[in-house]
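Student: Once you've had a glance at the structure underneath, I'll fire off some questions.
The values are calculated or read from the model by the stated rules, or taken from the named source; none is laboratory data. Since this is a predicted model, take the numbers as computed values, not measurements. Every residue, glycine among them, receives a Cβ derived from its backbone with ideal geometry; neighbour counts consider all protein chains shown. Accessible surface is based on the protein model in full, side chains and every heavy atom, while ligands, DNA and RNA are left aside. Shrake-Rupley method; radii C 1.70, N 1.55, O 1.52, S 1.80 Å.
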Amino acid sequence: MKKWTVMLGTLAICTSILVACSGKTPTPAAPEASGSTSPVTTEKPKNNFTMLLEAHPNWPYNKDWTVWKWIEEKTGATFNVQLPSGELKDTINLNVASGNMPDITFFANRTDADKFGQQGVLADILEYKNVMPNLTAWLKKYPNIAKAALAANGKMYMLPNEGFGETNRVIWMYREDIFKKHGLKAPANYEELITVGKKLKELYPGSYPFSFRSGANLTILNFATAQFGTTNGLFQDDKTGKVRYGPTENEYKKMVEFFNRMHKEGLMPPDWLTFNVQQWQNAVSTDQTFMILDYIGRLDLFNIPMKKTNASFNLAFMTPPEGVPGFNVNPYIHFIESGMTISSKSKKIKEALQAYDWYYSEEAKELLSWGKGDEVYTTENGQKKLRPEYLDVTDVRKKTGLATNGAYTWFNYDAHLIPATQEQRNAYDLARKHDSIYRVKPQYIESELSNVSLLQAAVDKHRNEQITRFILGERGMDQWDQYVAEAKKIGVDELMKITQTAYDRLK
């Protein structure tokens with residue numbers, strides 16, 4: 001539904017005619033007294049809000065963080081923070097059951113927030129758009145994020161965010177030094193990936209040129225499907241609007257065939273299903289693996305320590321190889337689905353959302369990313385750098401509260417790249433040129449959730465089991481059509497029908 005666009009559009013119209021509609025002539029401000037030099041200041045209304053947050057062990061919550069002082073200066077808001085005694089989810093459930101919700105609650109995922117919102121527990125943020133001009137403009141700037149922030153009923157229960165998800169960016173990387181040493185080119189497509197993999201296998205007989213971690217849950221396929229123009233589950237076609245199920249498509253079949261060939265040729269570890277993080281890190285560090293598909297932060301994770309003992313070691317950004325023509329892209333998973341919500345029973349809903357509206361201003365983005373003035377970062381010769389009292393970004397979060405839960409919504413991730421190497425920063429610039437499209441997830445109403453949950457569990461189990469067998473060669477690719485028929489019998493078509501209804505609600 002286009003409910004949110006209509007709502008936002010009417011705001012600008014109403015604002016522009018506000019004076020005319022009132023029928024009153026604005027009263028001019030009184031002139032300053034003669035000789036006065038005092039600046040005119042607007043005192044922010046003071047409001048204290050109760051707030052449930054989830055703390056991180058690396059930067060445990062501190063009520064004396066300077067970020068709270070900066071927020072108070074700009075909004076007048078202060079927070080009486082509560083921390084969960086155990087799991088956040090359990091504490092939220094207890095608060096809901098007792099009817100004792102704080103004014104503001106941090107939710108670790110949007111699904112739970114939308115569920116409670118539709119039960120009347122949380123306030124609909126869009127109902128208060130008239131006091132949130134910054135958010136209104138922001139939602140127009142990021143229409144896909146705005147759509148993704150809506151629950152199935154068209155309401156918005158969690159404050160949306162943008163920027164910090166960059167920490168989850170996934171890219172292809174390769175040992176550029178090894179490739180240069182042997183006159184090899186980075187593969188432009190999966191066929192070339194296999195060819196260069198075979199060459200590397202010849203040069204390094206004990207190696208597995210391509211490896212990954214966490215094979216048991218097929219996470220790697222969540223990343224690789226982007227290069228084949230599909231996904232590892234249900235999604236909406238960006239051109240037709242129709243729901244598709246990636247794992248039964250021909251493009252997905254091609255991907256599975258490539259993984260099966262890499263398994264047969266010994267181009268990836270034979271025990272890839274149980275290949276753990278430590279084994280994977282050892283392989284990358286000891287010339288046993290030369291191409292990986294993982295989080296972008298792995299560049300510095302490997303390069304910084306390895307260059308101390310091997311100056312030529314260089315894990316670098318690799319343009320994603322095409323699985324099918326036109327898809328040299330990486331998966332778009334660099335977003336986060338956690339955020340702040342407001343209790344529908346709070347007596348300060350309007351005041352809380354007025355305070356949070358500032359978070360969507362350019363001023364807030366700057367302040368809540370970089371800190372105030374040169375208190376955290378300084379500028380030398382046009383380049384920002386951390387002050388010496390801060391070891392790294394983790395230290396910044398621990399000492400100031402910047403980029404911690406409740407202290408940002410719109411974030412400039414460049415602030416977190418300042419301590420990174422130039423290679424890491426360059427990789428971010430290159431990676432942004434190879435993003436696949438942002439896919440909005442379906443939002444189901446409560447009456448659909450139970451059926452969807454059962455169907456999804458059965459469909460996912462079947463997919464994981466059978467795709468694993470195809471890659472291992474335990475099931476021949478000539479049985480693909482039979483596999484598709486099995487998926488349909490289990491309930492893929494019914495799940496697609498429900499999901500199509502969910503997406504249609506967003507039109």
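Student: So how tilted is helix 349-358 from the main axis of the chain? Cα-based, degrees 0 to 90, rounded to 10.
Tutor: 70 degrees
Student: With a Förster radius of 60 Å, plug the Cβ-Cβ distance of Lys44 and Asp238 into 1/(1 + (r/R0)^6) and report the FRET value to the nearest 0.05.
Tutor: Approximately 0.90, to the nearest 0.05.
Student: Compute the helix-to-body angle for 88-98: its Cα long axis versus the longest principal axis of the chain, expressed 0 to 90° and rounded to tens.
Tutor: So the helix axis and the longest Cα principal axis differ by about 40 degrees.
Student: For Lys239, Lys129, Lys181, Lys488, what's the largest-to-smallest order of accessible area, 1.4 Å probe?
Tutor: Result of the area sort, largest leading: Lys239, Lys181, Lys488, Lys129.
Student: So what is the diffusion coefficient of segment 101-184 in µm² per second by Stokes-Einstein at 25 °C and 0.890 mPa s, using a Kirkwood Rh over Cα pairs?
Tutor: Once the numbers are plugged in, D ends up at 156 µm²/s.
Student: Using a Förster radius of 51 Å, what is the FRET efficiency between Glu366 and Gln482 based on their Cβ-Cβ separation? Nearest 0.05, please.
Tutor: With R0 = 51 Å, the Cβ-Cβ based efficiency is 0.35.
Student: Over all Cα pairs of segment 136-203, how is the pair count split among 10 Å bins, expressed in % and running from 0 up to the last occupied bin?
Tutor: Percent of pairs per bin, in order: 15, 29, 13, 15, 20, 7.
Student: If contacts are Cα pairs under 8 angstrom and at least 6 residues apart, what is the relative contact order of the chain in percent?
Tutor: After rounding, I find 23 percent.
Student: Let me ask you something else. Considering only protein heavy atoms and a probe of 1.4 Å, how much of the accessible area of the chain is carbon and sulfur, as a whole percent?
Tutor: Of the solvent-accessible surface of the chain, carbon and sulfur hold 51 percent.
Student: Label segment 231-345 by shape, choosing from rounded, prolate and oblate, from the square roots a ≥ b ≥ c of the eigenvalues of the Cα gyration tensor; if a/c is under 1.5 it is rounded, and otherwise prolate applies when a/b is larger than b/c, oblate when it is not.
Tutor: Taking the square roots of the gyration eigenvalues as a ≥ b ≥ c, segment 231-345 is oblate.
Student: Give the aspartates and glutamates whose C-alpha is closer than 15 Å to that of Lys489, dropping any in the same chain fewer than 8 places away, or say none.
Tutor: Lys489 reaches Asp460, Asp481.
Student: At 1.4 Å probe size, with every protein chain present, just tell me what the per residue accessible area of the chain comes to in Å².
Tutor: Accessible surface, normalised per residue, equals 48 Å².
Student: Using the Cα gyration tensor of segment 314-411, with a ≥ b ≥ c the square roots of its eigenvalues, what is the shape: rounded (a/c below 1.5), prolate (a/b larger than b/c) or oblate (neither)?
Tutor: In terms of gyration-tensor shape, oblate.
Student: Please give the calculated 222 nm ellipticity per residue for the chain, where each DSSP H segment of at least 4 residues contributes -39500 (n - 2.57) and the sum is spread over every residue; nearest 500 deg cm²/dmol?
Tutor: The per-residue figure over the chain is -12500 deg cm²/dmol.
Student: Quick one: longest stretch of the chain between exposed loop GluC sites (Glu not before Pro), exposed meaning at most 14 other C-beta atoms within 10 Å and loop per DSSP?
Tutor: With GluC sites (Glu not before Pro) excluded where exposed in loops, the chain gives 88-264 as its longest stretch.
Student: Given a Förster distance of 56 angstrom, what is the FRET efficiency for Glu494 paired with Lys180, based on the Cβ-Cβ distance and rounded to 0.05?
Tutor: Using R0 = 56 Å, I get an efficiency of 0.60.
Student: To the nearest 20 debye, what is the magnitude of the charge dipole of segment 58-134 about its Cα centre, counting +1 on the Cβ of each Lys and Arg and -1 on the Cβ of each Asp and Glu?
Tutor: I would put it at about 100 debye.
Student: Quick one: check the C-alpha center-to-center distance for segment 374-392 versus segment 99-128, whole angstrom.
Tutor: Each part's Cα centre sits 38 Å from the other's.
Student: Oh, and also: Which percent of the Cα-Cα distances in segment 32-152 go past 18 Å?
Tutor: 67 percent
Student: So what's Rg/Rh here for the chain, counting alpha carbon atoms and using the Kirkwood radius for Rh?
Tutor: The Rg/Rh ratio comes out at 1.01.
Student: Moving to a separate point now. Which number gives the lysine pairs in segment 330-453 that have C-alpha atoms under 17 Å apart and are eight or more places apart or on different chains?
Tutor: Eligible lysine pairs with Cα atoms under 17 Å apart amount to 6.
Student: Given a 1.4 Å probe and the protein chains all in place, what does the accessible area of Tyr208 round to, in Å² to the nearest 10?
Tutor: 70 Å²
Student: Which translational diffusion coefficient, to the nearest whole µm²/s, is obtained for segment 172-311 from the Stokes-Einstein equation, given a Kirkwood hydrodynamic radius over C-alpha pairs, 25 °C and 0.890 mPa s?
Tutor: Answer from the Stokes-Einstein relation: 152 µm²/s.
Student: Across 5 Å bins from the origin, how do the percents of Cα pairs in segment 421-497 run, short distances first?
Tutor: 3, 12, 15, 13, 11, 12, 12, 11, 8, 3, 0
Student: Quick one: grab the alpha carbon gyration tensor of segment 337-468, order the square roots of its eigenvalues as a ≥ b ≥ c, and give me rounded if a/c is under 1.5, else prolate or oblate depending on whether a/b is larger than b/c.
Tutor: Verdict is oblate for segment 337-468.
Student: Within segment 269-292, list the residues whose amide N lies under 16 Å from a label point set 7 Å along Cα→Cβ of Asp460.
Tutor: none
Student: Something else now. Quick one: accessible surface of Arg425, probe radius 1.4 Å, all protein chains present, in square angstrom to the nearest 10.
Tutor: 70 Å²
Student: While we're looking at this one, here's another question. Enumerate the lysines that Lys199 could reach by cross-link, defined here as Cα to Cα under 16 Å, with residues fewer than 8 away along the same chain left out.
Tutor: By straight Cα distance, Lys199 reaches Lys180, Lys181, Lys185, Lys264.
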